[in-house]
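First up is the structure itself, then whatever we jot down about it.
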Amino acid sequence: MITLGGAPILWGSKLQTETALSTMLAEYIALSNSMRELIPIKRLVAEVTDAFKVPQDNLTKVVQVWEDNEGCLILANMKPPQLTSRSKHYAVKYHWFKEQLVPGEIVVQCTRRC
């Protein structure tokens, strides 16, 4: 679910099209797919706020992505092209979003105490 100002703007649920060999891979695939939806929305909001001269501080520009799998969280926050020994076989198409994680703009963090 993607929210803007506390209000949901996009929600989706579907079965994954690929078979995952671990829960970490399943979570990583889901994270990659959600980033595919999130990043264009973030760019659109940035363009609209710039066009209408809406003031934003650094806290409102930060997008928080919540993840509950510790392995997926570690892998998502590694700088490209770093991989873990268990994730080096994951398809390249799932790693693309790591290049979009600009510090201070998109933060992937744990939903609970990891």
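Each value in this text was obtained by applying a stated rule to the coordinates, not by laboratory testing. Remember, it's a predicted structure, so these values are computed and weren't measured experimentally. We place every Cβ from the backbone using ideal geometry, glycine too, and count neighbours over all the protein chains shown.
Just for the chain, what percent of DSSP beta bridges are antiparallel, to the closest 5? Show your work: numbers first, answer last.
Numbers: 3 of 8 bridges.
Bridges in the chain that DSSP calls antiparallel: roughly 40 percent.
Among the lysines, which have Cα under 28 Å from the Cα of LYS42 when same-chain residues fewer than 8 positions away are ignored?
LYS14, LYS53, LYS61, LYS79, LYS93, LYS98
I need the calculated FRET efficiency for the pair LEU44 and GLN100, taking r as the beta carbon distance and R₀ as 22 Å, to the nearest 0.05.
Values: r = 14 Å, r/R0 = 0.65.
So the FRET efficiency works out to roughly 0.95.
Cα gyration tensor of the range 20-110, axes a ≥ b ≥ c as square roots of the eigenvalues: rounded (a/c below 1.5), prolate (a/b > b/c) or oblate? Please report the intermediate quantities before stating the final value.
Details: a/c = 2.52, a/b = 2.29, b/c = 1.10.
Prolate, since a/c reaches 1.5 and a/b exceeds b/c.
Which value at 222 nm does the chain reach when only helices count, each DSSP H run of 4 or more adding -39,500 (n - 2.57), with the total divided by all residues and rounded to the nearest 500 deg cm²/dmol?
Values: 3 runs with 40 residues, N = 114.
Helix contribution divided over all residues of the chain: -11000 deg cm²/dmol.
May I ask you to list the trypsin sites (Lys or Arg not before Pro) in the range 31-114 that are in a DSSP loop and have at most 16 other Cβ atoms within 10 Å of their Cβ? Working shown, then result.
Values: sites: ARG36, LYS42, ARG43, LYS53, LYS61, ARG86, LYS88, LYS93, LYS98, ARG112, ARG113; in loops: LYS53, ARG86, LYS88, ARG112, ARG113.
Filter output for the range 31-114: LYS53, ARG86, LYS88, ARG112, ARG113.
Relative contact order for the range 20-110 using alpha-carbon pairs under 8 Å, separation at least 6, rounded to a whole percent? Kindly include the intermediate steps, with their values, before the conclusion.
Details: 68 pairs, mean separation 39.5, N = 91.
Computed value for the range 20-110: 43 percent relative contact order.
Take the alpha-carbon centre of the range 62-106, take the same for the range 14-28, and report the distance between them in whole Å.
15
At a 10 Å Cβ-Cβ cut-off, how would you order TYR90, TYR28, fewest neighbours first?
Working: TYR90 20, TYR28 25.
With the fewest neighbours first, TYR90, TYR28 line up as TYR90, TYR28.
Would you mind checking which residues have amide H under 5 Å from VAL65's amide H? H placed 1.01 Å from N; only 5 or more apart, or other chain.
For VAL65, whose amide H was placed from the backbone, the distant partners under 5 Å are VAL107, VAL108, GLN109.
Quote the FRET efficiency, to the nearest 0.05, computed for GLU18 versus VAL62 with a Förster distance R0 of 30 Å and r equal to the Cβ-Cβ distance. Don't skip to the answer; put the middle values down first.
On the way: r = 31 Å, r/R0 = 1.02.
Calculated value: 0.45.
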